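A.B. asks: Pasting a structure here, questions to come.
The values are calculated or read from the model by the stated rules, or taken from the named source; none is laboratory data. Since we're looking at a predicted model, the values are computed, not measured. Ideal geometry is used to build each Cβ from the backbone, glycine not excepted, and the neighbour counts take in all protein chains shown.
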Amino acid sequence: MNHVNYVWGGRIKMKRFKLYIVWGMVVLLMLFSLTTLSIAQQKEPIKIGAIVSFTGIQAETGPECEHAVATGVDLLNAKGGIHGYPVSVTLVDGESKPAVFATKAHRLLESVKVVAGFGGIDISYATAAGKVFQDAKTPFLDIAGTTPTIPLVGDYMFMTPFPDNDQGRATAKYIYEKLGCDTITIFKDVASAYGTKLTEYIIYYFKEFTGKENPVPFVPCYNTGDTDFTAQLIRLKANIKKLGIQAIVLPCWVSDAPKIAKQARELGIELPLIGTDGVDTQSLIEVGGDAVEGMIFCTHASPYQPGLPDIAKEFSKKYEKKYGEEAGAFGTMGYDAFMILAEAISLVIEEKGEEWWDETSLADKRTAIRDKMSTMKSTWTTQPITFTPEGWPKKAVIWKVVKNGKRCFCDFQSYDSYTPEGIETLPFK
């Protein structure tokens, strides 16, 4: 056979064969050296943890957050990660139970050994996980709970969304100055810190802007998850003209707002509907249908808001292309929380060097990230974000309107426009 002859057949061919062996060994040695070098230069992934709910009462918020975080991770790793370090996010199910959030937080810290984390949709979930991260001196970002006391858990706890004291002031100012209403009704969810506190803030600031003693004369109450709002709406209908009510404000979870809207329309109540950030998901339209057409609500981001950073534009395009809709409030906050942590880590590595990052302890990394978050101004997020010493973000408010069955950008409220310099919006004690 040619192979046997080539290897063993004759002196000249044997010399060539020996030469080929030498060159082959050289090539193999070079390949081995390059492989060894590549392995030596391979960087350990940067591990971040996230806790959201895929089951339980808040289950509908989980998938949107998961999609947004996955899009953000893919986007960042496609750009080379963080200074060449790949980024890994371990996303776990909090099951809409504070105790499970705490348990999963321990697992992320002790088993996965994350450098930072984010999660939680309401104060009970965010603080359950946040306290565990605080005890471990590891930074944790609440992604959607807007109760202002959340970051008071400790100096490792931060908020991604605007707190309700800011949202309440922005909403009250917008309703009065832009929508021209001075008398409204607010549906108050007494089973939710979000619904209860945000209602109180809106009323407080609405009194300030309108100058009226009682600009919210009718406040119907309900509990999260209620399905029948007929009794409250019948009483509302009987008092619209008597009290001069001009709009219905719904600081509700998305599970409740579209049901209230549908039942109001069925009873012939045609007042304008105004929502807050809790309604900014596709479920608002899927459940509410024609009843929420024309509804306006405040939220955290839109692909069409002014000054959207380039990387956030990329995120928005990739998200909409893959999932066929814009990211809502919960998705946007998941993306922003991830990007705040990623940018803080990037700044730490840039400042201290890769050798420090590779050799220092996990505890030192966690503290350095916290320190950087306290002083940085994020630029990788949907809008620039800085934190107060307490961990509250200073953010603009985005307004959307439901138009032709879609959530469309409507208006932009800068932080300075609703909270001018010298104005304090500290949370109620």
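A.B. asks: Would you mention how many residues in region 100-118 are within 20 Å of Gln58 (Cβ to Cβ), in a helix (DSSP H, G or I) and under 21 Å from the mean Cα position of the chain (by Cα)?
C.D. replies: Within region 100-118, the first condition is being within 20 Å of Gln58 (Cβ to Cβ), and the residues that meet it are 100-105, 107-108, 117-118.
Filter again for in a helix (DSSP H, G or I), leaving 100-105, 107-108.
Checking which are under 21 Å from the mean Cα position of the chain (by Cα) leaves us with 100-102, 104-105, 108.
Qualifying residue count for the region: 6.
A.B. asks: Please give the number of the condition Thr147 fails out of (1) within 23 Å of the chain's Cα centre (by Cα); (2) buried (at least 19 other Cβ atoms within 10 Å of the Cβ); (3) part of a loop (DSSP other than H, G, I, E, B); (4) modelled with pLDDT of 95 or more.
C.D. replies: Going through the list (1) within 23 Å of the chain's Cα centre (by Cα); (2) buried (at least 19 other Cβ atoms within 10 Å of the Cβ); (3) part of a loop (DSSP other than H, G, I, E, B); (4) modelled with pLDDT of 95 or more, Thr147 breaks only (4).
A.B. asks: Moving on. If you scan region 210-225, which residues turn out to be surrounded by 15 or more Cβ atoms within 10 Å (Cβ to Cβ) and either assigned to a helix (DSSP H, G or I) or at pLDDT below 95 (or both)?
C.D. replies: Across region 210-225, the qualifying residues are Thr210, Thr224.
A.B. asks: State the number of residues belonging to region 374-403 that are in contact with a Pro (Cβ under 8 Å, 6 or more places away or on another chain), outside any loop (DSSP other than H, G, I, E, B) and of a type in the set (S, T, N, Q).
C.D. replies: Looking only at that region, the number is 3.
A.B. asks: Condition first: modelled with pLDDT of 90 or more and aliphatic (A, V, I, L, M). Can you find one or more residues in region 59-67 that meet it?
C.D. replies: no
A.B. asks: Looking only at residues that are more than 15 Å from the chain's Cα centre (by Cα) and among the hydrophobic types (A, V, I, L, M, F, W, C) in region 359-397, which one is nearest to Phe412 (Cα to Cα)?
C.D. replies: Phe387
A.B. asks: On the basis of being exposed (fewer than 14 other Cβ atoms within 10 Å of the Cβ), without any contact (Cβ under 8 Å) to a residue 12 or more places away in the chain, not in a loop (DSSP other than H, G, I, E, B) and not basic (Lys, Arg), does Glu355 make the cut?
C.D. replies: Here the answer is yes, as Glu355 does meet what is asked.
A.B. asks: Select, from Lys113, Lys79, Lys137, the only residue that is assigned by TED's automatic domain parsing to the domain that holds Ser346, touching a Phe, Trp or Tyr at 6+ places or on another chain (Cβ under 9 Å) and surrounded by fewer than 19 Cβ atoms within 10 Å (Cβ to Cβ).
C.D. replies: Numbers: Lys113 fails: touching a Phe, Trp or Tyr at 6+ places or on another chain (Cβ under 9 Å); Lys79 fails: touching a Phe, Trp or Tyr at 6+ places or on another chain (Cβ under 9 Å).
Result: Lys137 is the single residue among Lys113, Lys79, Lys137 that is assigned by TED's automatic domain parsing to the domain that holds Ser346, touching a Phe, Trp or Tyr at 6+ places or on another chain (Cβ under 9 Å) and surrounded by fewer than 19 Cβ atoms within 10 Å (Cβ to Cβ).
A.B. asks: Oh, and also: Output the residues belonging to region 119-144 that are part of a helix (DSSP H, G or I), of a type in the set (Gly, Ala, Ser) and over 18 Å from the mean Cα position of the chain (by Cα). Let's see the steps before the verdict.
C.D. replies: First, pick out the residues of region 119-144 that are part of a helix (DSSP H, G or I): 123-135.
Add one more test, that the residue is of a type in the set (Gly, Ala, Ser), and what stays is 124, 126, 128-130.
Those that are part of a helix (DSSP H, G or I), of a type in the set (Gly, Ala, Ser) and over 18 Å from the mean Cα position of the chain (by Cα): none in region 119-144.
A.B. asks: Further question on the same structure: Of the conditions (1) buried (at least 16 other Cβ atoms within 10 Å of the Cβ); (2) not in a helix (DSSP H, G or I), Asn165 clears all except one; give me its number.
C.D. replies: (2)
A.B. asks: Select, from Thr367, Thr425, Thr386, Thr332, the only residue that is among the hydroxyl-bearing types (Ser, Thr, Tyr), surrounded by 13 or more Cβ atoms within 10 Å (Cβ to Cβ) and over 24 Å from Leu76 (Cα atoms). Outline the logic, then answer.
C.D. replies: Numbers: Thr367 fails: over 24 Å from Leu76 (Cα atoms); Thr386 fails: over 24 Å from Leu76 (Cα atoms); Thr332 fails: over 24 Å from Leu76 (Cα atoms).
Result: Thr425 is the single residue among Thr367, Thr425, Thr386, Thr332 that is among the hydroxyl-bearing types (Ser, Thr, Tyr), surrounded by 13 or more Cβ atoms within 10 Å (Cβ to Cβ) and over 24 Å from Leu76 (Cα atoms).
A.B. asks: Hey, among Thr360, Thr367, Thr381, Thr386, which residue is modelled with pLDDT under 95 and not aliphatic (A, V, I, L, M)? Before the answer, list the steps.
C.D. replies: Working: Thr360 fails: modelled with pLDDT under 95; Thr367 fails: modelled with pLDDT under 95; Thr381 fails: modelled with pLDDT under 95.
Only one candidate qualifies: Thr386.
A.B. asks: If you don't mind, there's one more thing I want to ask. (1) more than 17 Å from Ala344 (Cα to Cα); (2) free of Cβ contacts under 8 Å to residues at least 60 places away in the same chain: which one isn't true of Phe140, the others all being true?
C.D. replies: (1)
A.B. asks: Just to be sure I understand, how many residues within region 255-271 are closer than 18 Å to Ile184 by Cα, within 30 Å of the chain's Cα centre (by Cα) and either outside any helix (DSSP H, G or I) or small (Gly, Ala, Ser) (or both)?
C.D. replies: Residues that pass the stated criteria total 2.
A.B. asks: Select from region 308-323 the residues that are hydrophobic (A, V, I, L, M, F, W, C) and not in a helix (DSSP H, G or I) and list them in ascending order. Outline the logic, then answer.
C.D. replies: The initial filter retains those residues of region 308-323 that are hydrophobic (A, V, I, L, M, F, W, C), namely 308, 311-312, 315.
Correct list: Leu308 only.
A.B. asks: A further question follows. Of all residues in region 255-268, count the ones that are surrounded by fewer than 24 Cβ atoms within 10 Å (Cβ to Cβ) and either in the same structural domain as Asp122 (by TED's automatic domain parsing) or within 17 Å of Thr299 (Cα to Cα) (or both).
C.D. replies: Summing the residues that are surrounded by fewer than 24 Cβ atoms within 10 Å (Cβ to Cβ) and either in the same structural domain as Asp122 (by TED's automatic domain parsing) or within 17 Å of Thr299 (Cα to Cα) (or both) in region 255-268 gives 1.
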